[in-house]
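Just below is one structure, and these are the notes that go with it.
The values are calculated or read from the model by the stated rules, or taken from the named source; none is laboratory data. For clarity, every value in this text was computed on a predicted model and none was experimentally measured. No Cβ is skipped: glycine too gets one built from the backbone with ideal geometry, and neighbour counts run over all protein chains shown. Ligands, DNA and RNA are stripped out before the accessible areas are found, and what is left, the full protein with its side chains, is counted by its heavy atoms. Shrake-Rupley method; radii C 1.70, N 1.55, O 1.52, S 1.80 Å.
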Amino acid sequence: MAASDLINLSGLLDDAKCFALVRQHRWPEGARCPVCGSGAVIRDGHDDTQPYRQRYRCKACAGRFDDLTGTVLAGHHQPLRAWVLCLYFMGLNLSNRQIALELGLDGSDVQTMTEQLRRGLVAKAPEVELTGEVEIDEVYVVAGHKGQPAAVAKRGGSDAVASWQARRDAARWRRTSHPSSA
Ligand SMILES: [Zn+2]
């Protein structure tokens, strides 16, 4: 009998502490803007569906981000507590298959999670894989205006940004730098 038949470990975890753990690892000296690197950030409420996921606004570039923005933990369907437990099980040297059993997840999902976690709890998502000329152009537009969301909006770059982001969860943090997403 798997342990998960006896105890739902995930249900015992405290969401608030999971997010605090991420913040502590990611910003031991306080939150910093993932777009421009400034430490001049203010708290800006919480995520609509995850009440402990702190949102921030950068005073330097007006970018918006939250605890998970730009990390491997963002843009995934698994709740943060599943990631934290996965990390814990990895520390116990459990196999992907064992972790999948314990978390009640698909084996391939867990494999993806452990691969990403090995790069670091808050490591940036892998670089976007470019597949065509159009996407390269869109990436160029976004990258060229990084930290200047107003300039992007004026030049109509927001559409390119939006369509690009719709396909690219990996670059999810870029959306938060755009003021119209508020
Ligand atoms: Zn900033």
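Points worth noting:
- Test: Gly37 is touching a residue at least 60 places away in the same chain (Cβ under 8 Å), open to solvent by 10 Å² or more (accessible area, probe 1.4 Å) and not aliphatic (A, V, I, L, M): no
- Leading residue by the ranking (farthest from the ligand (Cβ to nearest atom)) among those in the range 16-34 that are open to solvent by 40 Å² or more (accessible area, probe 1.4 Å) and in contact (Cβ under 8 Å) with a residue 40 or more places away in the chain: Leu21
- Note on the range 49-96: among residues that are of a type in the set (Lys, Arg) and in a strand (DSSP E or B), the one that is farthest from the ligand (Cβ to nearest atom) is Arg55.
- For His46: the one exception among (1) closer than 16 Å to Ala20 by Cβ; (2) open to solvent by less than 70 Å² (accessible area, probe 1.4 Å); (3) away from the ligand (no atom under 16 Å from the Cβ): (2)
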